[in-house]
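Taking it in order: structure first as structure tokens, then the write-up.
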Amino acid sequence: MAEGHFRVEHDGAIATLTLDRGDKRNALTTATLDQLRRLAEALRDEAAIRAVIIRAEGSDFSVGADLGGMAAAPAEPVPVVQLRRNAELGARLMRALREIPQPTICAVQGIATGGAACIATACDFRIGASNARIGYGEVRIGINLMWHALPLAIQTVGLARAKRMVMTGRLFDAETMRDWGFFDEIVATGEEGAAARRLAEEFIGLPPIAVQMIKRSANAWAGALDAAIMHADADQWLLASRSADFGEGLAAFFARRPPEFTGN
């Protein structure tokens with residue numbers, strides 16, 4: 001793919017998608033998210049692939065959205081109807097990741113926050129490095145968690161714990177995330193890729209038709225009401241992103257100071 005920052009490697013029956021923007025701590029751009037969506041959709045036509053690994057180069061899996069791009073004013077005003085369509089890109093990505101037929105394994109090191117944590121929850125399994133820290137930081141800049149990701153957070157760690165993560169925006173350490181069910185396994189930092197590979201090799205030795213049917217049915221049962229309940233999260237974002245608190249949250253982030261939220 002020409003745009004974005006993922007590279008793709010095929011090794012036998014295993015496909016590895018690697019986010020390679022380490023110089024920017026793997027911050028996510030619109031082009032990168034769209035590239036990952038297209039890569040995920042293309043895997044449906046690769047019957048020879050039996051397992052998929054998603055990983056990242058550098059010290060952090062990803063610090064989430066590239067806030068510099070979010071803060072920049074557009075060259076021309078964008079109609080609200082188009083803004084809403086643009087805001088749905090994350091939900092389309094999550095759907096594409098969930099609909100990858102093959103088992104998906106996310107290897108996480110360092111920080112994975114915001115959209116990066118969403119990508120991890122969209123995978124079937126997660127391997128964490130001992131230095132991993134997971135969070136949903138959107139609330140700290142005055143916006144809601146989007147991408148239809150809230151149900152996946154609840155399904156992964158439970159209702160009260162998901163509320164705690166999403167409503168506080170805190171980062172939680174690897175051991176807590178394992179105890180809460182986010183990580184299936186924790187390994188020494190630097191070993192997460194090898195551990196993901198071992199799990200992938202277990203799956204490629206199993207009958208792909210049965211494995212993929214089980215995955216599809218399990219996801220359909222767990223997420224049966226997700227779209228019906230979360231259809232308005234883009235509209236919530238449109239409201240929150242026009243608030244004074246959103247502007248204050250971004251300003252405080254770039255100034256490296258505590259924000260002063262007012263509810264406006």
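The single condition among (1) within 28 Å of Ala255 (Cβ to Cβ); (2) modelled with pLDDT of 95 or more; (3) surrounded by 20 or more Cβ atoms within 10 Å (Cβ to Cβ) that Ala65 does not meet is (2). Taking the listed residues Ile100, Ile111, the one that is in contact with a Phe, Trp or Tyr (Cβ under 9 Å, 6 or more places away or on another chain), crowded, with 23+ Cβ neighbours inside 10 Å and at pLDDT 95 or above is Ile111, with no other qualifying.
Just need a number here: residues in the range 215-246 that are in a helix (DSSP H, G or I) and in contact (Cβ under 8 Å) with a residue 40 or more places away in the chain.
The initial filter retains those residues of the range 215-246 that are in a helix (DSSP H, G or I), namely 215-222, 226-230, 233-240, 244-246.
Still in the list and also in contact (Cβ under 8 Å) with a residue 40 or more places away in the chain: 215-216, 219, 222, 226-227, 229-230, 233-238, 240, 245-246.
Number satisfying all stated conditions: 17.
Residues in the range 176-185 that are of a type outside the set (Ser, Thr, Tyr) and either free of Cβ contacts under 8 Å to residues at least 12 places away in the same chain or within 17 Å of Asp60 (Cβ to Cβ) (or both): 4 in all. Restricting attention to the range 107-146, the residues that are over 18 Å from Val187 (Cα atoms), in contact with a Ser or Thr (Cβ under 6 Å, 6 or more places away or on another chain) and among the hydroxyl-bearing types (Ser, Thr, Tyr) total 1. Per the conditions (1) part of a loop (DSSP other than H, G, I, E, B); (2) of a type outside the set (Asp, Glu); (3) within 14 Å of the chain's Cα centre (by Cα), the sole criterion not satisfied by Gly181 is (3).
Just name the residue that is surrounded by the most Cβ atoms within 10 Å (Cβ to Cβ) out of those in the range 210-264 that are aromatic (Phe, Trp, Tyr) and within 30 Å of Asp124 (Cβ to Cβ).
Restricting attention to the range 210-264, the residues satisfying the condition of being aromatic (Phe, Trp, Tyr) are 221, 237, 246, 253-254, 261.
Restricting the remaining residues to those that are within 30 Å of Asp124 (Cβ to Cβ) gives 221, 237.
On the way: Trp221: 8, Trp237: 22.
The residue in question is Trp237.
One residue alone among Ala116, Ala122, Ala91 is more than 20 Å from Phe182 (Cβ to Cβ), at pLDDT 90 or above and buried (at least 19 other Cβ atoms within 10 Å of the Cβ), and that residue is Ala91.
Just to check your reading of the model, which residue among Leu33, Leu39, Leu19 is at pLDDT 95 or above, under 22 Å from Asp184 (Cβ atoms) and buried (at least 16 other Cβ atoms within 10 Å of the Cβ)?
On the way: Leu33 fails: under 22 Å from Asp184 (Cβ atoms); Leu39 fails: under 22 Å from Asp184 (Cβ atoms).
Selected residue: Leu19, the only one of Leu33, Leu39, Leu19 that is at pLDDT 95 or above, under 22 Å from Asp184 (Cβ atoms) and buried (at least 16 other Cβ atoms within 10 Å of the Cβ).
Filter the range 186-197 down to the residues that are crowded, with 16+ Cβ neighbours inside 10 Å and either free of Cβ contacts under 8 Å to residues at least 40 places away in the same chain or assigned to a strand (DSSP E or B) (or both) and list them by number. Hits for the range 186-197 are Ile186, Val187.
Condition test on Val78, is it surrounded by fewer than 23 Cβ atoms within 10 Å (Cβ to Cβ), farther than 17 Å from Arg197 by Cβ and in contact with a strand residue (DSSP E or B) (Cβ under 8 Å, 6 or more places away or on another chain)? Reasoning before the result, please.
Working: surrounded by fewer than 23 Cβ atoms within 10 Å (Cβ to Cβ): yes; farther than 17 Å from Arg197 by Cβ: yes; in contact with a strand residue (DSSP E or B) (Cβ under 8 Å, 6 or more places away or on another chain): no.
Considered against the rule, which asks whether it is surrounded by fewer than 23 Cβ atoms within 10 Å (Cβ to Cβ), farther than 17 Å from Arg197 by Cβ and in contact with a strand residue (DSSP E or B) (Cβ under 8 Å, 6 or more places away or on another chain), Val78 comes out as no.
Of all strands (runs of 3 or more DSSP E) completely enclosed by the range 46-131, which ones contain at least 2 residues that are farther than 19 Å from Leu36 by Cα? If you could, list the steps in order and put the result at the bottom.
Details: elements: 51-56, 104-108, 111-113, 125-129.
Strands (runs of 3 or more DSSP E) meeting the threshold: 125-129.
The values are calculated or read from the model by the stated rules, or taken from the named source; none is laboratory data. Quick caveat: nothing in here was measured; it's all calculated off a predicted structure. Because the Cβ atoms are built from the backbone with ideal geometry, glycine has one as well, and the counts that use them run over all protein chains shown.
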